[in-house]
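This report refers to the structure that appears directly beneath it.
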Amino acid sequence: MFSLELLLNALVAGILLGGFYAAVSLGISMAFGLLDVVNIAHPVFVMLGAYAAYIMNVRLGFDPILTGVLFTPLFYGLGVLLYRVYYASFERKGAESLRGLVFFFGVLFIVEVSLLLAFGVDYRLVEAPYIGESLRIGSVGIAFRLLVPCVVGVALTGALYLFLSRTFYGRAIQAVAQDAFALRLMGANPFRVKGIAFGLAIATAALAGALLIMIGPVEPAMNREYIGRVFAVAVLGGMGSIGGTLVAALILGIAESLTATFSGPSWSVAVSFGVLLFALAVRPAGLFGR
Amino acid sequence: MAGRTFAALAVVVVAAGLAVTGLGVNQYYYFAAYVVLQYVVLATAWNILGGYTGYVNFGTPAFFALGAYTAVVLIQSMKAPLVVQLLGGAAVAGVLGLGIGYLTLRLRGVFFSIATLALAVVLQTLFVNWEYTGGARGITLARPATTPLGGSYVEYLFVVMLVLTVIAVATAWWIEHSWVGRGLAAIRDNEEAAECMGVPTLRLKLVATTVSGLLMGLAGGSFPYYLTFIEPASVFDLNYAVNSLAMPMIGGSTTWMGPVIGAILLGTAQQVATVTISSALNLLIVGVILVAFVILAPEGIVGLVQRLARRGRA
């Protein structure tokens, strides 16, 4: 079964998949890594983004990426709103850890079941002229349905990295992650800064969802596999490090692709959780830990 | 509640359960009551770790399914009787619980919760790929032709689940009223401080995770004969994770009564809603109620009643 050609193809597919995983994980790296908000509902917002892309594609013929970009302001608003509820109910009272977790678990469940009620369990997919195309370099095939999400994912990662390191608000978000109290002493409002950051985290889900449905058909319960993936990437990447997120996402993508190629696709879901358990047990600070 | 009152209540509950079998009513009622009782066991088991100790477990399906699949293996390999299935399921899930307990050495709070969720997904993948227990397609199991008590097999299973419920709730009651419960509460409130005061935190956590896992496995042990069909997608269903956590949260997570009240209310409501509305919509309702309670009444129904009673007295 083993051949160099197969290995090479699996590696390339893994790298492409990794770029996409980065896009899905950025939101959790920000919310969980930087803000300490355990939003395990993040993957379900990615699903929401995927279904938004589906609706716009089927009804109006919009390109999924265009929909992803168009929906980011809406998702940003949703994120700010969600953070307000979270803040008022848990964070302000200092009861965030466990009850906050249960809260997001409930949100996950509500959104998933709502999607189920609206779209059913059938797999949905989008159409765009480039999705079926592919490129061949020697014996290695590069499918556009993987290449485009990878390019967009890497671009999104770069944009977020620049935003966090170069702009005023980006630096304020980094500051609130380091020491919210000190930020308050500087006269800034941590609540507002965290609201903006959480809004951005959810906004990335709109685009990530569009990429998800481009890669393959989606159904509402799919978000659960991504819970393991995004947390594995966030922890392995070092909690809030954007560069680390990309590296960890690439590692996970390659590991999954190799597993799927050589042991069968049904095992690839377990890979992310294996990576997560391993990372938590051996090096909880991640590869690029603060 | 004093020990003697509690024991008397337990006897009355089992006697009442025996009395309602053989009434000749529609078999569906036993079928539905079994599910509600199963939720009482799962919610009580979850609460021993989640409510008493403060470790949120998202992996209820893992323990429940492990109990069910152990029973499947026992049926497949040696046609084991129901009692052996239950004990086997409980033992294997208990061992998994013990393993999870050691995990708490390194993983606290959120990381523990994510790890339990991870565990459920990894186990599901294992069973999807294991052909002996039917793989992803699932496996059909035939019930024995006769029942020890006479009457239908569903009635018999109902009585068995009632006994398991009493065992689970009695365990929770005992923990709550013993030094173990006080130790667990100390861990929940502040693990470092408890350790410094000489509370054997690791040993107590191991007790909590093992007992919790064991009871979940016990509930799963009779599931193959109940449904006569087992597949990974249905036994690893996220609904078990949400319900076993929502029920104590809604009932009140600091007393044994909380999960019982939550499970009976929510479980019955879901059974009714599944028949009258739709199964997807009733899950939506569970989610909304859970979020509402977590935000508005974190101490649950029991806490609300206690607060009202205190206000009434003052």
Every residue from the range B:23-55 that is surrounded by fewer than 24 Cβ atoms within 10 Å (Cβ to Cβ) and of a type in the set (A, V, I, L, M)
B:Leu23, B:Val25, B:Ala32, B:Ala33, B:Val35, B:Val36
Among the candidates B:Leu266, B:Leu238, B:Leu290, which residue alone is more than 10 Å from every other protein chain (Cβ to nearest Cβ) and either at pLDDT 85 or above or surrounded by 19 or more Cβ atoms within 10 Å (Cβ to Cβ) (or both)?
B:Leu266
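Yes/no per residue for (1) part of a loop (DSSP other than H, G, I, E, B); (2) over 21 Å from A:Phe273 (Cβ atoms); (3) more than 14 Å from chain A (Cβ to nearest Cβ):
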residue: B:Arg4; (1), (2), (3): no, yes, yes
residue: B:Val12; (1), (2), (3): no, yes, yes
residue: B:Asn47; (1), (2), (3): no, yes, no
residue: B:Tyr52; (1), (2), (3): yes, yes, no
residue: B:Ala65; (1), (2), (3): no, no, yes
residue: B:Tyr69; (1), (2), (3): no, no, yes
residue: B:Leu74; (1), (2), (3): no, yes, yes
residue: B:Gly101; (1), (2), (3): no, no, yes
What residue, of A:Val102, A:Val152, A:Val113, A:Val140, is at pLDDT 90 or above and not hydroxyl-bearing (Ser, Thr, Tyr)?
A:Val152
Is it the case that B:Ala170 is within 14 Å of chain A (Cβ to nearest Cβ) and small (Gly, Ala, Ser)?
no
If a residue must be among the aromatic types (Phe, Trp, Tyr) and assigned to a loop (DSSP other than H, G, I, E, B), how many such residues does the range A:90-129 contain?
1
Quick check on the range B:122-135. Is at least one of its residues part of a loop (DSSP other than H, G, I, E, B), hydrophobic (A, V, I, L, M, F, W, C) and away from chain A (no Cβ under 14 Å)?
no
Kindly indicate whether B:Leu66 is out of contact with any helix residue (DSSP H, G or I) (no Cβ under 7 Å at 6 or more places or on another chain) and of a type outside the set (Ser, Thr, Tyr).
no
Give just the number: which of (1) surrounded by fewer than 17 Cβ atoms within 10 Å (Cβ to Cβ); (2) farther than 17 Å from A:Phe32 by Cα does A:Gln174 not satisfy?
(2)
What is the residue count in the range A:181-219 for residues that are surrounded by 16 or more Cβ atoms within 10 Å (Cβ to Cβ) and farther than 14 Å from A:Val37 by Cα?
16
Looking at B:Val235 and the list (1) among the hydrophobic types (A, V, I, L, M, F, W, C); (2) over 24 Å from B:Gln124 (Cβ atoms); (3) touching a helix residue (DSSP H, G or I) at 6+ places or on another chain (Cβ under 7 Å), which single condition is not satisfied?
(2)
Of residues in the range A:233-268 being at pLDDT below 85 and under 20 Å from A:Cys150 (Cβ atoms), the one farthest from the other protein chains (Cβ to nearest Cβ):
A:Pro265
Can you find, within the range B:165-182, the residue that is farthest from B:Gly22 (Cα to Cα) among those that are surrounded by fewer than 21 Cβ atoms within 10 Å (Cβ to Cβ) and touching a Leu at 6+ places or on another chain (Cβ under 8 Å)?
B:Val180
Residue list for the range B:269-287, filter: without any contact (Cβ under 8 Å) to a residue 60 or more places away in the chain and away from chain A (no Cβ under 14 Å)
B:Ala269, B:Val272, B:Val275, B:Thr276
How about the range A:67-85: which of its residues are more than 9 Å from every other protein chain (Cβ to nearest Cβ) and more than 20 Å from the chain's Cα centre (by Cα)?
A:Arg84
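The values are calculated or read from the model by the stated rules, or taken from the named source; none is laboratory data. Just so you know, these numbers come straight off a predicted model, no measurement behind them. When we count neighbours, we look across all protein chains shown, and the Cβ atoms used for this are built from the backbone with ideal geometry, even at glycine.
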